[in-house]
Amino acid sequence: MSTNPFEPLRREELSAAVDALKSGPAASDEFRFSSVALKEPNRREIREGTIKREAEAVLIDRATGLAYEAVVDLETGSVVKWLELAPGTQPPIMMDEFAECEEAVKNDTKVREALAKRGLTDMSLVCAEPWSIGYWGEEQDSRRVMRALMYTRLEDEDDNCFAHPMENFTVLVDLNKQEVIGIEDDGFLHVPTELNNYHPKFLGAARTDLKPIEISFPQGRNFTVDGNHVEWADWSFDIGFTPREGLTLHRIGIKDKTSGGVRSILHRASLTEMVVPYGAPGRSQQQKNAFDAGEYNFGYMTNSLVLGCDCLGDIQYFDATLVDSLGRPYTIENAICLHEEDDGILWKHWDFRTDDAQVRRSRRLVISYVVTIANYEYAFYWYLHLDGTIQFEIKATGILSTAGLEPGETSKYGQLLNKDGLYAPIHDHIFNARLEWAIDGDRNSVFEVETVAEDTDDPIISPFYAKRTQLTTETGRKANLATHRWWYVASSDRTNKVDEPTAYRIIPTNPVAIKKHAGSWVTKRAQFATKTIWVSKLEEGERYPAGEYPNQSRGFDGLPQYIQAGDSIVEEEVVMWHSFGLNHVVRIEDWPVMPKQVTGFFIEPYGFFDENPALDLPRHEGNHCSTGGTTAGDPAAGSQLHPH
Ligand code: ABN
Ligand code: CU
């Protein structure tokens, strides 16, 4: 049996959980497994050493449309929880439903007639993009429904279907019955036919002038891996993987150079949600607002990574094992990539009096995974730096979700991509990361900082300072660029050299707030996207910002409820939820495949150490790193550029 409490369930544990359910309450063949995963032990169980190995599962009974939550005790093999959820609760869309939805659409006679009107008869080239339906008001019943947006490929199956959208022709599918229940077709028949491809078979030769870069570690790796526990430089953490989030990090801590013990920073960190509301008003467009984690499960959409392409260097991969909708375990090989990389300069100073230059190189440990959610890719990177910084970065790439116009028409709601009636509407990608703090212990407090000018009668002096305000109860706060508002989390149990509490801060470098009207359903359902930072007191079960089941949800789940009680966040176990993202005003260069667009955030030590913790980095004595800050005084240099 596993010794690490955060090690994801192994294949045999997943099978044991599925078997227990199938030979118990889920005996009917109508049950589908939305997810089976480790039920993570909570902090108290870890502190007290009372950890049980348990599986949590979410199931759907296709016969009744009802969903269930279950817990299986893996030591006894018994089902210890079986809970029927309220009618209409819709667990995330399962991978198998993508294919089932497309098949139902393509087999429908009326869909075929509508396609024929557009001159499309080759069903092997038609694509039905399985969009979550969201919620549109009282008239919507509680069936499990997906809205397929229609595209076609033209040349062959490698042609980019997003160049050929069928605007305002969408198909509703009942996923439990796998049948078409509605066609929304306003008769707009133009399908752009210009081919816009990125696949090599449609492109000319690749350039040949770039010589290879190789990354080598001649003396071996600097990190050690023991199961799912990793240590690198002074860092220590556990790797987890969930169906919902994909990669999760646990017990992130850093070694105290004096005592050798590990100081805790975060008990758990993960990317928990992302919503993408689109700005254009037409029916196909305004109803696009997927919650890519809560409705689709990042874990299931995780790529198998390839050495030299997705990651470069000396890589340690981790596989992820999940179950399909029939409860059969399968493995995504190389789902997580762990490696170390050079990161330019960490610190430098040249002393002009002595002509002494001291410079130290930065390097970082990268823990990454990549998900594909239909058209888009999101590459997620956690970076641990030598100065104690934890960075999270997202590279959004993949293919724009496009829309159709009449040839020659333009739209203020998006970027024209060609003159055959193809454009890409404006949208936002609003992510949310959940940070469960544990700065030097479990008791933490949260402060807001703003840089303000002092009220003064003397405008010549005009001092300004960083004003700190403690946040005392659960809350949501917005970024304020005018005051550079940011937040820090302070320990109750440890102080630094100047008697201040040890702390970490988060600076919202990429705040993006939802633009849709407060009365729109997507805003109601994505309340997390209305604030930059939310702080809640840690409570069991409060784990997703748009709630446990955002698929077809009706709004105000998740964070608005988590903070509703207004509990104290003074000297408590606190969770910070950071919303950030990309305001995607599309460029023509984002087409036909988008060069990465980057977003993310930094969390940095803020009085956690007594000084720069990276003074002891290797000095590169004897090579050009140690001296030579300028060419001053050297008559042979400095007047012109000269290659060495
Ligand atoms: N990237 C949004 C999305 C998700 C699922 C299906 C289609 C599109
Ligand atoms: Cu985008």
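The values are calculated or read from the model by the stated rules, or taken from the named source; none is laboratory data. Because the structure is a prediction, the values reported are computed rather than measured. Ideal geometry is used to build each Cβ from the backbone, glycine not excepted, and the neighbour counts take in all protein chains shown. Just the protein is used for accessible areas: all its heavy atoms, side chains included, with ligands, DNA and RNA removed. Shrake-Rupley method; radii C 1.70, N 1.55, O 1.52, S 1.80 Å.
Summary table below
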| item | result |
| --- | --- |
| Difference of contour (0.36 nm per residue) and Cα-Cα distance, A27 to Q178 | 52.2 nm |
| Nitroxide proxy distance, nm - points 7 Å out along Cα→Cβ at A116 and S216 | 6.5 nm |
| Charged-residue dipole, Cβ positions (Lys, Arg, Asp, Glu), the range 462-542 about Cα centre, Debye nearest 20 | 540 debye |
| Estimated FRET transfer efficiency (N583, D226; beta-carbon r; R0 41 Å; 0.05) | 0.45 |
| At 0.692 mPa s and 37 °C, Stokes diffusion of the range 134-185 via Kirkwood alpha-carbon radius, µm² per second | 260 µm²/s |
| Relative contact order (percent, whole number), the chain, Cα cutoff 8 Å, 6+ residue spacing | 13 percent |
| Förster-model FRET efficiency, 25 Å R0, T331 and L83, C-beta, rounded to 0.05 | 0.30 |
| Listed pairs K524/K596; K22/K81; K412/K515; K39/K524 exceeding 18 Å between Cα atoms | K524/K596; K39/K524 |
| Restricting the range 187-252 to trypsin sites (Lys or Arg not before Pro) in coil, as DSSP defines it, with at most 12 other Cβ within 10 Å | R207 |
| Farthest positive-ward along the range 165-205 dipole, Cα basis, beta-carbon charges - from V180, L195, F169 | L195 |
| Rg ratio (alpha-carbon, reference 2.2 N^0.38 Å) - the chain | 1.04 |
| Cα lying deepest toward the dipole's positive end in the chain, options T76, L400, N551, charges on Cβ | L400 |
| Signed unit charges on C-beta, dipole axis of the range 250-356, positive-most listed residue G253, A293, L312 | A293 |
| Kirkwood Rh and Cα Rg combined as Rg over Rh, evaluated for the range 519-559 | 0.97 |
| Karplus-derived HN-Hα couplings along the range 119-124 (A = 6.51, B = -1.76, C = 1.60, θ = phi - 60°), whole Hz, x at Gly and Pro | x, 10, 10, 8, 5, 5 |
| Residue-wise HN-Hα coupling along the range 391-398, computed from phi with Karplus coefficients 6.51, -1.76, 1.60 (Hz; x: Gly, Pro) | 10, 10, 10, 10, 10, 8, 9, x |
| Pairwise label distance in nanometres, T451 with T258, each label 7 Å out on the Cα-Cβ vector | 3.1 nm |
| Contour excess over end-to-end distance, with Cα ends at D141 and E539 and 0.36 nm allotted per residue | 140.1 nm |
| Relative contact order, percent, the range 340-478 [alpha-carbon distance under 8 Å, six or more residues apart] | 11 percent |
| Dmax and Rg, reported as Rg then Dmax, of the range 188-347 (C-alpha, Å) | 21.4, 72 |
| Translational diffusion coefficient (Stokes-Einstein; Kirkwood radius from C-alpha pairs) of the range 69-180 at 37 °C, 0.692 mPa s, in µm²/s | 203 µm²/s |
| Simple Cβ-charge dipole of the chain, Lys/Arg +1 and Asp/Glu -1, about Cα centre, in debye nearest 20 | 580 debye |
| Filtered GluC sites (Glu not before Pro), the range 254-346: DSSP coil and at most 11 other beta carbons within 10 Å | none |
| Per residue Cα convex hull volume in Å³ - calculated over the range 459-503 | 119 Å³ |
| Reciprocal of mean inverse Cα separation for the range 514-607 (Kirkwood radius, Å) | 15.6 Å |
| Sequence-distant residues sharing a close amide H with T475 (under 5 Å, placed H) | V535 |
| Distance between modelled label sites at Q358 and S15, nm, 7 Å Cα→Cβ extension | 5.9 nm |
| Value of D in µm² per second that Stokes-Einstein yields for the range 351-424, Kirkwood Rh from Cα pairs, at 25 °C (0.890 mPa s) | 147 µm²/s |
| Carbon/sulfur fraction of accessible area - the chain, other protein chains in place, 1.4 Å, % | 49 percent |
| Compactness of the range 358-474 as Cα Rg over 2.2 N^0.38 Å, two decimals | 1.74 |
| Degrees between helix 11-22 axis and first principal axis of the chain (Cα, 0 to 90, nearest 10) | 40 degrees |
| Accessible area (Å², 1.4 Å probe, nearest 10) - I588 | 80 Å² |
| Principal-axis tilt of helix 95-107 within the chain, Cα atoms, nearest 10 degrees | 30 degrees |
| Isotropic mean projected area of the C-alpha convex hull, the range 31-109 (nm²) | 6.9 nm² |
| Average accessible area per residue (Å²) across the chain - probe 1.4 Å, nucleic acids and ligands excluded | 44 Å² |
| Whole-Hz ³J(HN,Hα) from phi, Karplus 6.51 cos²θ - 1.76 cosθ + 1.60, for the range 513-518, glycine and proline x | 9, 5, 9, 5, 4, 4 |
| Angstrom value of the Kirkwood radius, inverse mean 1/r, which spans all Cα pairs in the range 417-540 | 17.7 Å |
| Whole-angstrom gap from the range 222-253 to the range 188-213, using each part's C-alpha centre | 38 Å |
| Dipole magnitude (debye, nearest 20) for the range 178-290, charges at Cβ of Lys, Arg, Asp, Glu | 520 debye |
| Value in Å of the Kirkwood radius, where the range 126-273 supplies the Cα pairs that are averaged | 21.4 Å |
